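Enquirer: Input: one structure, supplied below.
The values are calculated or read from the model by the stated rules, or taken from the named source; none is laboratory data. Keep in mind that what you see is a predicted model, and the values were worked out from it rather than measured. Note: ideal-geometry Cβ built from the backbone for every residue, glycine included; neighbour counts use all protein chains shown.
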C-alpha cells in the first residue's frame, strides 16, 4: 500500500480545523439568520448553540481521533463501528454532495466578492470560480507541506481581519455610538430556529477536517485531538464576538436585509469598509476552498485502498507524495456541481443536512467503541462521557428532523444520492469479490 508523508504539525492541523470553519459562512449567513429570528438575543443564542455543537463534537471526536490515527477521519470511525457500507456511503456523499458541493459553493462566494471589487459579469464570475478550484488543486497536489503553509497563511490573515471587525464594532458601540441593542429574550417556534441553524452549522462545520489528515500528522495521537478541540473553541469565541460586532453596528432589520453584512457593518463607520471586507471575504473563501481540497481526498484514498472505490485513486504522486488522483477527481466533480447549480444557498442546505447525518452516526460510534473495545489505548478520553456525546447527538437529531420538514427538496435530494451510493457500493463489492 502506498504511504503518505508525515509532515503536519499541531499548529498546521489547528489552522486546518479553524480555517475549515471560518470560510464564507460568517460573512454570508448572518443575514438569513437575522431574517429568520428577528431578535438579537435569539441570533446570539443560535450561534451559541452552534458553538455547543462544535465543542461537544470536538470533545467526542478527539477520543476517536486518538484511537484511529490513519487517514480518513469520520470514514474510519464509521467503518470500524458500522461496517463497510456505512463508511462507503459517507465517502460517497462526501464526494457527491458534502465536500465537492462545499467547494463549489465557496468558489461561487469567492467570485461574488471579487466581483464586488472588480466587476466581472456573470461569465467572468463563473470563470473565476473554476479558476480558483483549479489553482488550489495544483497547490494541494504539489505537497501537503505547501498546502499546510497555504492553510496557515490564509487562516491567520482572515482571523486578523475578523479581529479588526470585532474591534471596530466594540470600540464604536462603547465609545461614541448612541445606538442601543435590545437583548431582551423573545420567543420563536422550533422551525425558524432550526432553519437558522442551517447557516450556523454550515459556518461551524469543518473542525473535524484535521482528523482526515491523521495519516500525515506528526504524533497524531496527541496532535489530532488537540487541533480539533482548540479549533472548535477558537471558532466559537470568534463567531460570538463578530456577531456581537454586527449587532453593535447595525440594527437587526438592516442585518436581515443586507447581502454583505460585514461590509455594511464596517461601512457604517468607515466609508472604505465595503472594499476592505470584500477583500477579506475573497481571501477567506479562497483559503477555505484550498483547505477542503486538501482534506477530503484522503477519504477517497482510504476507500480505494479498501477496494471499494476506483483503483486509480490509490496512486500517490511519485514526486510530491500526495493522493493526486483523488484531488483531481474531487475538483472535477466540484466544477461540474458549480456548472449545474450555480447558487450558494441551495448548495449549503443539502450539504449540511447530509454532512450532519454522518457526523451524528460518527459521534454515536463512541458508545460502540467503549462497549466493544474497552481495553483499546485511548490517549484522550472524552470529558463528561457519556453526557457530552449525547448533547451533540440530540441537538443534531433535532436539527435533522426540522430540516427535513422545513427544507424537504434539498434534504430528499441528498438522501436520493445516498441511495444511489448503496447501488454503487454493491457494484464495487461485486467487482472486488469477483
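Enquirer: Testing residue 311 on (1) exposed (fewer than 15 other Cβ atoms within 10 Å of the Cβ); (2) modelled with pLDDT under 80, one condition comes back false. Which one is that?
Expert: (2)
Enquirer: Would you confirm whether or not region 129-137 contains a residue that is farther than 19 Å from residue 19 by Cα, part of a helix (DSSP H, G or I) and out of contact with any helix residue (DSSP H, G or I) (no Cβ under 8 Å at 6 or more places or on another chain)?
Expert: Yes, region 129-137 has at least one match.
Enquirer: Applying the selection to region 245-268, what residues are within 15 Å of residue 164 (Cβ to Cβ) and buried (at least 20 other Cβ atoms within 10 Å of the Cβ)?
Expert: Those that are within 15 Å of residue 164 (Cβ to Cβ) and buried (at least 20 other Cβ atoms within 10 Å of the Cβ): 245, 246, 248, 249, 262, 263, 265, 266.
Enquirer: Given the structure, is residue 51 surrounded by fewer than 24 Cβ atoms within 10 Å (Cβ to Cβ) and either assigned to a loop (DSSP other than H, G, I, E, B) or free of Cβ contacts under 8 Å to residues at least 40 places away in the same chain (or both)?
Expert: no
Enquirer: On to the next question. Test each condition in (1) surrounded by 24 or more Cβ atoms within 10 Å (Cβ to Cβ); (2) over 30 Å from residue 405 (Cα atoms) for residue 232 and report the one that comes out false.
Expert: (2)
Enquirer: Could you say whether any residue in region 337-353 is under 16 Å from the mean Cα position of the chain (by Cα), within 24 Å of residue 402 (Cα to Cα), in a loop (DSSP other than H, G, I, E, B) and in contact (Cβ under 8 Å) with a residue 12 or more places away in the chain?
Expert: yes
Enquirer: For region 63-88, name all the residues that are assigned to a helix (DSSP H, G or I) and under 21 Å from residue 292 (Cβ atoms).
Expert: 64, 65, 74, 75, 76, 77, 78, 87, 88 - these are the residues of region 63-88 that are assigned to a helix (DSSP H, G or I) and under 21 Å from residue 292 (Cβ atoms).
Enquirer: Only one of 166, 171 is surrounded by 12 or more Cβ atoms within 10 Å (Cβ to Cβ), part of a helix (DSSP H, G or I) and within 30 Å of the chain's Cα centre (by Cα). Can you tell me which?
Expert: On inspection, the qualifying residue turns out to be 166.
Enquirer: Only one residue in 275, 279, 327 is buried (at least 24 other Cβ atoms within 10 Å of the Cβ) and either part of a helix (DSSP H, G or I) or at pLDDT below 80 (or both), so which one is that?
Expert: 327
Enquirer: Also: Kindly indicate the residue of region 18-48 that is more than 25 Å from residue 164 (Cβ to Cβ) and outside any helix (DSSP H, G or I) and also modelled with the lowest pLDDT among those meeting that condition.
Expert: 38
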